[in-house]
Amino acid sequence: MFDPSTTADEVAANVAVVESFWAALGRRDFAAVGALMAPDGHYVDVPIIELDPGAFGPAETEARLRLGLEPLLAYELHDGPIVASGHHVITEHAETWTWEEGVSLRLPFTSVQEVRDGAVVRWWDYLDFTALMATAPQWWLDHIAPGYK
């Protein structure tokens, strides 16, 4: 539903925040991604929300991303369409995760982000978690198992 409390300029500013967010993630600049989160911003991988409530705020977001993506041999973000209404910005994109030579996965995502006052207050990722777990090597699964806290 359209949010009549936002102007076209505000929607464009929200999209610009999200574009900066994805550009930083594409560079694996985890600190820059975290800095775009609101102090109470919530980041979660929706398929596992029952097992892991996600990260809250800049520091936890940075740590969570660093845990999963930093050990990858390569990471590539593939841009896709962006749809925005009011404070919500939805992106469809893919990420290629390469753990080691010959072990990689192009993983499609839909991300829903809510932006307020220039910061992401909600980032919910929808992905095929089963494909991720089926492809990831055991060393990476062991690495992420303890979590980021």
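The values are calculated or read from the model by the stated rules, or taken from the named source; none is laboratory data. Quick caveat, the model's predicted, so the values are computed rather than measured. In this analysis, Cβ positions are derived from the backbone assuming ideal geometry, glycine residues included, and neighbour counts consider all displayed protein chains.
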Check: When you look at W22, is it under 24 Å from D142 (Cα atoms) and modelled with pLDDT of 95 or more, yes or no?
Finding: no
Return yes or no: is V103 farther than 20 Å from R27 by Cα and surrounded by 15 or more Cβ atoms within 10 Å (Cβ to Cβ)? no
Expected single match for more than 19 Å from R27 (Cα to Cα) and surrounded by 17 or more Cβ atoms within 10 Å (Cβ to Cβ) among A131, A136 is A136
Within segment 97-149, the count of residues that are within 15 Å of T61 (Cβ to Cβ) and assigned to a loop (DSSP other than H, G, I, E, B) comes to 3
Confirm whether D117 is at pLDDT 95 or above, in contact with a strand residue (DSSP E or B) (Cβ under 6 Å, 6 or more places away or on another chain) and among the acidic types (D, E). no
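Could you name every one of the strands (runs of 3 or more DSSP E) located completely within segment 1-92 that has at least 3 residues being of a type outside the set (K, R), in contact (Cβ under 8 Å) with a residue 24 or more places away in the chain and surrounded by fewer than 17 Cβ atoms within 10 Å (Cβ to Cβ)?
Details: elements: 37-45, 74-78, 82-85.
The qualifying strands (runs of 3 or more DSSP E) are 74-78.
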The residue that is farthest from the chain's Cα centre (by Cα), considering only those in segment 106-128 that are surrounded by 15 or more Cβ atoms within 10 Å (Cβ to Cβ) and of a type in the set (D, E), is E114
